[in-house]
Structure formats: structure tokens, C-alpha cells
1. Give a residue-ordered list of calculated ³J(HN,Hα) values for segment 36-46 (Karplus: 6.51 cos²θ - 1.76 cosθ + 1.60, θ = phi - 60°; whole Hz; x for Gly, Pro).
2. Given points 7 Å out from each Cα along the Cα-Cβ axis, report the residue 105 to residue 64 separation in nanometres with one decimal.
3. Non-local amide H neighbours of residue 50 (under 5 Å, H modeled in plane, Pro and chain starts lacking H): which ones?
4. Suppose the chain between residue 36 and residue 90 were pulled fully straight at 0.36 nm per residue; how much longer would it get relative to their current alpha carbon spacing?
5. Starting with the highest mean, order 27-34, 89-96 by the number of other Cβ atoms within 10 Å, averaged over the residues of each peptide.
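A short reminder: the numbers here are calculations on the coordinates, not readings from a lab. Here the structure is a predicted model, which is why all the values come from computation and not from measurement. Cβ coordinates were reconstructed from backbone atoms using ideal geometry, including for glycine residues, and neighbour counts include every protein chain displayed.
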Amino acid sequence: VAKSPPVAMASSSSSPLPPPSSLVWSHATNSKAKLDAALSDPTITAIEADILMGHYDRNIRNGDVVAIMSHPPHELSDLPYQQSDLTAEQFLDTIFQGMRTSGQRRHIKLDFKEAAVVKP
């Protein structure tokens, strides 16, 4: 009897995550608009985003540098490099809230573009 491959579980009381072979990705989900679109699309099973240190739009004037969702400048973006409308904290809070609301589990891949994002 052939066994099915193991299914990743988010927790013992939650629904199983989809197997990696069936993932439908939202890539470079680095803005509020892209994140909202990914979370509202039931066919999206995995969300990928990039994290680096930069300016969140409300903090530009006072120079605060925080972990934001952005990609280095060689990629096209609707926001300038190292400026974002979405902090890493907001990104994660939004994902967790979206999963609680919809009940849909998703894979999350975070691409850390700078070591400074992860505080020692």
C-alpha cells in the first residue's frame, strides 16, 4: 500500500496546508494592494515577499528606518526603493488576520534582503 506524502499542519487544530506541488504563488507581495489581492484570492496558496530595512511612508520625515516589505531597485516597483507602504510587522499581522477570518491556510516565504532585518 502506497502512503500519501506527509501533509504540513499549521497546528493540531487547524486545516492542513496544501502540498508544495499544488501551490499557487503570489510573488513579490510587497505592498498593501498586492497583499490584499493575494489574501482575497482563494486560489493563492503561497505568498512570497521581500524584507529589507527602509522607510515606512509615515516615517520618512523623521528618518525612522524599520523592517519594510520591499525589493532592491533592479526590480520594478510602484514605490521607491527602501520606501514602502507596508512594514514587516503589518505584513505579518495582515496575513494572520486574513487566515483567521477566511480559515484558509497559506505557505509564507520571506526573502530577507539584508541581515540587519534580523536583530541579533
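1. Calculated HN-Hα couplings, in order: 4, 5, 5, 6, 8, 9, x, 7, 6, 10, 8 Hz.
2. The two pseudo-label positions are separated by 3.5 nm.
3. The list, which skips near neighbours in sequence, is 29, 70, 111.
4. Values: separation 54, 0.36 × 54 = 19.44 nm, distance 1.19 nm.
Taking residue 36 through residue 90 to full extension adds about 18.3 nm, to one decimal.
5. Numbers: 27-34: 18.4, 89-96: 15.2.
Packing proxy ranking, top to bottom: 27-34, 89-96.
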